[in-house]
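The values are calculated or read from the model by the stated rules, or taken from the named source; none is laboratory data. Keep in mind it's a predicted model, so treat the numbers as computed, not measured. Note: ideal-geometry Cβ built from the backbone for every residue, glycine included; neighbour counts use all protein chains shown.
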Amino acid sequence: MSAPKLLLPNEFIDAATKSIDRATEYISFVAMVVMDEEATDRLIDALIAAAKRGVKVQVAADTFTYGELEGHFTPFKYYTSAARDKTRMVKELKEAGAKFNWLGQFSLLPFTGRTHSKCLVVDDTVYSFGGVNLSDQHLTYTDYMFEIKDQLLALELRDEINRMITADSKHFSYRSHAFSYKDKSSVLLDGGFQADSIIYRRAYRYAREAKEVLLVSQYCPSGKLSRALKKTNAKLYFNKPASADFWNGLIIRAGLFFSGHKTLYERKNYLHAKFVIFTMQDGTKIAITGSHNFMPGSVVFGTKEIALESRDKKVIRQLEAFFREHVA
């Protein structure tokens, strides 16, 4: 068992690849985007090698991956050259003995039923509670993942990944829920049930009770959380529309228009990290860190998300250090 350790994107790739190389029992991996590219190739190769030596390897990626490759509204997106590269990666994994699942194939719209969670479990080690997807572009973003060596947590999250894959294959969602991790933390999971997000509810609850809030996200916060943030001393850091692509820029512009918020983020690098630190009335701090962008759209559309809620000072200090070094 070890305390959570914050890793920058390339540090995550390094650590995860080494863990996969040492794996002896099982590997479970789910992310919104999984691509075999220059910076991610060694991790994919490690997954293939692990499967060949008899490790149980389960990989799942959202079909939004194809949207990242060629655009969701591109006709015949599954038949582009980039998509064919993706298909080859899946074939290599399966031929090595790994199981691979596409998630969200039956979603009617590009933004509904997405799996936005990021979680890798390698034997007794977990990599999660950040926003890193597996592609060259995503590894350049300002982001992180946490590494935690804990057998019980690994077993719990392995079961959650299996549940997520099973639910998707049978075309149903399940309600959001939480389970405790150590004495000062809880894992929060959104199961894709529309209009139900324990992560967003907790963020809204703490925002209403806090005297100060530090929010870092890809997008401008919106909905009732946005209104709660207006009533407290909130410092908000999210991308400006000009630094985003067309669709993300459109989402940010809409958030700015309806919320009236302003961003304090001035750096050029695209911000993809997602966390909130609440300073409560008695001075104690609570953090929520994970894949959720703190927007009600993720709630309404039934997006699957994962986050860590923590009062652990070691977790909060690492988030604050990341903020000072990469965001402020």
Pick from the range 312-328 the residues that are assigned to a loop (DSSP other than H, G, I, E, B) and touching a Ser or Thr at 6+ places or on another chain (Cβ under 7 Å): which of them is farthest from Ile148 (Cα to Cα)?
Val327
Are any of the residues in the range 155-177 under 20 Å from Ile286 (Cα atoms), modelled with pLDDT of 95 or more and surrounded by fewer than 21 Cβ atoms within 10 Å (Cβ to Cβ)?
yes
Condition first: among the small types (Gly, Ala, Ser) and under 18 Å from Ile252 (Cα atoms). Now tell me which residues in the range 265-319 satisfy that.
Ala273, Ser291, Gly297, Ser298
Would you mind stating whether Ile306 is of a type in the set (A, V, I, L, M), surrounded by 24 or more Cβ atoms within 10 Å (Cβ to Cβ) and outside any helix (DSSP H, G or I)?
yes
Report yes if some residue within the range 164-172 is of a type in the set (Lys, Arg) and either within 19 Å of Lys313 (Cβ to Cβ) or under 18 Å from the mean Cα position of the chain (by Cα) (or both); otherwise report no.
no
Please work out if Ile286 is assigned by TED's automatic domain parsing to the domain that holds Phe322, within 21 Å of the chain's Cα centre (by Cα) and over 14 Å from Tyr219 (Cα atoms).
yes
With criteria (1) without any contact (Cβ under 8 Å) to a residue 24 or more places away in the chain; (2) within 24 Å of Ala195 (Cβ to Cβ), Asn233 comes up short on (2)
Read through the list (1) surrounded by 21 or more Cβ atoms within 10 Å (Cβ to Cβ); (2) of a type in the set (Val, Ile, Thr); (3) without any contact (Cβ under 8 Å) to a residue 60 or more places away in the chain, then give the number of the only condition that Val216 fails.
(3)
Restricting attention to the range 136-143, does a residue exist that is touching a Phe, Trp or Tyr at 6+ places or on another chain (Cβ under 7 Å) and at positive phi?
no
Can you find even one residue in the range 142-160 that is under 20 Å from Pro9 (Cα atoms) and polar (S, T, N, Q)?
yes
Boolean, Leu120 is at pLDDT 95 or above and part of a helix (DSSP H, G or I):
no
